[in-house]
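K.L.:
After the structure tokens below, expect a handful of questions from me.
Readers should treat all values here as calculations from the given coordinates under stated rules, not as data from a laboratory. Being a predicted model, the structure only gives us computed values, none of them experimental. Quick reminder, even Gly has a Cβ in these numbers, built from the backbone with ideal geometry, and neighbours come from all protein chains shown.
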Amino acid sequence: MTMNEETVDTCHDLAAGDLIAARYKGSLVHRGRVTERVPDHGLFWIMDELTGGRRLLDMADLKIGRVSSAGIGSTPA
């Protein structure tokens, strides 16, 4: 996580519109706004800024960080 990211442990902590960064083994793999959640299954959808597509993410596979407003507009790490 970076200084502008708050760790998210569960889908219940996410809301539509939240800007998140998803990391796998420390590398940024997805970044975008949450569009839908399926919290009972640990899944949520984002509109990925890196690929331009919609992505279904699994909390079990990735480290998720909510990007603070100070991190918006900065270059992803």
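K.L.:
For the range 22-69, which residues satisfy the criterion of being among the polar types (S, T, N, Q) and surrounded by fewer than 13 Cβ atoms within 10 Å (Cβ to Cβ)?
P.N.:
Within the range 22-69, Ser27, Thr51, Ser69 meet the criteria.
Listed here are the residues, each with its yes/no results for (1) of a type in the set (Asp, Glu); (2) within 12 Å of the chain's Cα centre (by Cα).
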{"site": "Met3", "(1), (2)": "no, no"}
{"site": "Val8", "(1), (2)": "no, yes"}
{"site": "Leu14", "(1), (2)": "no, yes"}
{"site": "Leu19", "(1), (2)": "no, yes"}
{"site": "His30", "(1), (2)": "no, yes"}
{"site": "Arg33", "(1), (2)": "no, yes"}
{"site": "Asp40", "(1), (2)": "yes, no"}
{"site": "Leu43", "(1), (2)": "no, yes"}
{"site": "Gly52", "(1), (2)": "no, no"}
